[in-house]
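Undergrad: Below is one structure. I have some questions about it.
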Amino acid sequence: MTAPRTVACPTCGARVSWTPESKFRPFCSERCKTIDLGAWANESYRIPVVERNDEDDAASTAEK
Ligand SMILES: [Zn+2]
């Protein structure tokens, strides 16, 4: 028998068994996964709001 591989949770550093049972690996828990993804999302999940202007649409349609 070989000892199960473990990894360190990127969020809290806890040892996580690298097994199919560890659903959130490399994180130790859903919470740590959410925290990490949340940090990422706060950095780069800002989608610029594109304002649809109905008047412009109507104008360009009318040109044709
Ligand atoms: Zn953790």
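Undergrad: Just want to confirm a number: the relative contact order over segment 1-45, from Cα pairs under 8 angstrom separated by 6+ residues, in percent.
TA: Result for segment 1-45 is 29 percent.
Undergrad: Which one, Thr11, Pro26, Leu37, is farthest towards the positive end of the dipole of segment 1-45 when Lys and Arg carry +1 and Asp and Glu -1 on their Cβ?
TA: Farthest along the dipole direction, towards plus: Pro26.
Coordinate-derived values only; no laboratory data. On a predicted model such as this, the values are computed, not experimentally measured, just so you know. Note: ideal-geometry Cβ built from the backbone for every residue, glycine included; neighbour counts use all protein chains shown.
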